[in-house]
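Reviewing the structure listed below.
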Amino acid sequence: MDRMERAQYAKKNVRNHPVKNISRIHILSRIMALVFLVAIAGIFLQHYQKENTGGINHPKVQDSRTAKQCRQDFDALMTQIFQNEVMSDSMTLNYMLKDPAQYGLTEETPSLGHYSLEGMQANLAISENWLAALETFDYDKLREDQQLDYDVVYTVLKQSMGASDILEYSECLGPTTGIQAQLPVLLVEYDFRDKASVETYIQLLGMVPTYFQEILTFEQKKSKDGLFMSDRIAESIISGCQDFISEPEKNYLITTFASRLQPLNLSAEDQQKLEEANKQAVIKQVIPAYQTLINGLKALEGTGKNEKGLCGLKKGQQYYEYLLHTKTGSDRSVKEIATILDKTIEENKKVMAKLVADDTEIYTKAQEVKYPCEKPEETIQYLQQQIAKDFPALPEGVACQVKYVDASLEDSMSPAFYLTPAMDDYQNNTMYLNGSDQYDLSKAFTTIAHESYPGHLYQTCYFYSQEHNPIRNAVSIGGYTEGWGTYAELYSYRLAGLEEDVQTLLYTNTILTLAIYAKADLEVNYNGWDFKKLKSYLSDFGFSKSSSRAIFDAVVGEPVSYMPYTLGYLEIEDLRSTAEQKLGEKYTLKGFHEFFLQTGPAPFSVLRDRLEQWIAEQS
């Protein structure tokens, strides 16, 4: 729904583990030593619960339609918005729907979409028209489920209007989450359903040069306007691109292609023709496109004068606020978020001091911990069984295939990520693990929980299996999804069979690590901390100069990346603790999980509003 970043069409389908930037800057193995701090669950937002203002405000309108006609027209509008979203480009359509015909959709012309200021302005105008259309409906005439759809879509569209005068600040490139880093995985996971879909895919490969040229043209304009990235960030992006194209003949878009065709049972002649067409498209189109991007970025090096975070740009703070709210779904002010992060960190430091004082060997115990399963596939099966007590059941038939990141992408990809399935084929899921030597997958228990059960796979499949308007599947709220991933990761420590104190240590260290990174992001990008000030702050937690430099580059290169994981989790924990406090003996963890998952992706203002209704119903 964030039309400002429409060009990053399928990026929302990749759910990354939050350590992606930590791992990329090679300090994953040092996290325990550098940020070995502990907190107690449930203390984070108890002093900062958002004041209940009595619900969500809706426009007062004069709607002469009958309730029946109003509801019919609303469903028609939601269908129109949904169709526009999933038909925006071929990648989105392929990832969202296995059988578009069931939704009355047919793809006429393959497209990767476009990336330009004019396109962003046009998309913003479309969003504005949709808002105007929504404001013609009498909210009270809608069904309860339609009211939820209204609140979600209206709030998201309202947030998107905040981009109207900062479109030129948009950035689709980034060392880890940029489109150039994620496109190879999205391409290799493009679903081949028949020969025609393979032919469409090969056409899309041929469109990569044009698409990348549009991105480069946009970056050139940013350079001219004084908005281009720093040389350090550009060099990191360039390095990742160079790794991807280093061995053209062995590029994994070529080496994996034949096996992807096998389920189609093509004739030998068709198989051979398609393999050759794919090879030529990769070598003559995709790889040259990456080289053009490399050359273009190199030519622009030296033009990005801002070595600070976003606040070093004229409207940088405004853009940061926009990113913060649209990517997390939180409506809290930057000041309030900063206060929450500070309190979280300080209170945890105090708890840590006591925990270590009580057991001087606890650090060693935590480093030597052994999890119930060491193989990823076994871990997934174990977690699926263990969560039954506190989480509602999924329908039968949900499966997950574990794959490994190609070696050419290991340095620029996170330790693990989950690809959301088509909404009409949610039973078939894929999770990627990074087999790089820098990761010990035998200790990836909680990371796998983040991505599978009860994390992204479980969350996605549960919601897709529920009855709701398809538009809800097209809405992506980073704080809802990634916050749940963090929540699931933390929950999984309970299932690991660890000593209670060690479990608490690992559990709360994860929270505090994320809080410190989120604070670094906010202070650098909004309050203007330079590297020297960040280094001084991080040194109190044991970070070296080189690690601090890497963190600084990470938050400058990809602003707000940590916020969905950190703030999203804290918002979810706030909802949970509110439910527990108000329901008392009637509260159950499973009941809360069912409420949260059935409500589905939504801004937290909407979730708070629905939580109040849910609590009243339970009482």
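What the table below lists for this structure:
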{"quantity": "Tail weight of P(r) past 20 Å, computed on alpha-carbon pairs of region 159-222, percent", "calculated": "45 percent"}
{"quantity": "Virtual spin-label span in nm between residue 347 and residue 501, 7 Å along Cα→Cβ", "calculated": "2.3 nm"}
{"quantity": "75, 440, ranked by accessible area, largest first (probe 1.4 Å)", "calculated": "440, 75"}
{"quantity": "Separation of alpha-carbon centers, region 531-593 and region 417-480, rounded to whole Å", "calculated": "20 Å"}
{"quantity": "Under 12 Å, Cβ to Cβ, from residue 231 - net charge with Lys/Arg +1 and Asp/Glu -1", "calculated": "-1"}
{"quantity": "For region 171-293, diffusion coefficient by Stokes-Einstein and Kirkwood Rh (Cα), 10 °C, 1.306 mPa s, µm²/s", "calculated": "102 µm²/s"}
{"quantity": "Helix-only mean residue ellipticity at 222 nm for the chain, each DSSP H run of n ≥ 4 adding -39500 (n - 2.57), per residue, nearest 500", "calculated": "-17500 deg cm²/dmol"}
{"quantity": "Estimated D of region 307-404 in µm² per second, where Rh is the Kirkwood radius over Cα pairs and Stokes-Einstein applies at 20 °C, 1.002 mPa s", "calculated": "112 µm²/s"}
{"quantity": "Net charge contributed by nearby residues that have their C-beta within less than 15 Å of residue 268 (K/R +1, D/E -1)", "calculated": "-2"}
{"quantity": "Computed FRET value (nearest 0.05) for residue 117 with residue 299, which takes r as the C-beta separation and R₀ as 22 Å", "calculated": "0.65"}
{"quantity": "Separation of the residue 377 and residue 401 label points, Cα + 7 Å toward Cβ, nm", "calculated": "1.3 nm"}
{"quantity": "Share of pairwise Cα separations in the chain, more than 34 Å, in percent", "calculated": "41 percent"}
{"quantity": "At R0 = 30 Å, FRET efficiency that the Cβ-Cβ distance of residue 616 and residue 125 yields, to 0.05", "calculated": "0.15"}
{"quantity": "Estimated D of region 483-619 in µm² per second, where Rh is the Kirkwood radius over Cα pairs and Stokes-Einstein applies at 25 °C, 0.890 mPa s", "calculated": "145 µm²/s"}
{"quantity": "Segment residue 333-residue 239, length gained on full extension (0.36 nm per residue, minus Cα span)", "calculated": "30.2 nm"}
{"quantity": "Calculated P(r) of region 332-482 - Cα pairs past 21 Å, %", "calculated": "60 percent"}
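The values are calculated or read from the model by the stated rules, or taken from the named source; none is laboratory data. What you are looking at is a predicted structure, and each value in this text was computed from that prediction instead of being measured. Note that we place each Cβ from the backbone using ideal geometry, even for glycine, and neighbour counts take in every protein chain shown. Surface areas here come from the heavy atoms of the whole protein model, side chains and all, with no ligands, DNA or RNA. Shrake-Rupley method; radii C 1.70, N 1.55, O 1.52, S 1.80 Å.
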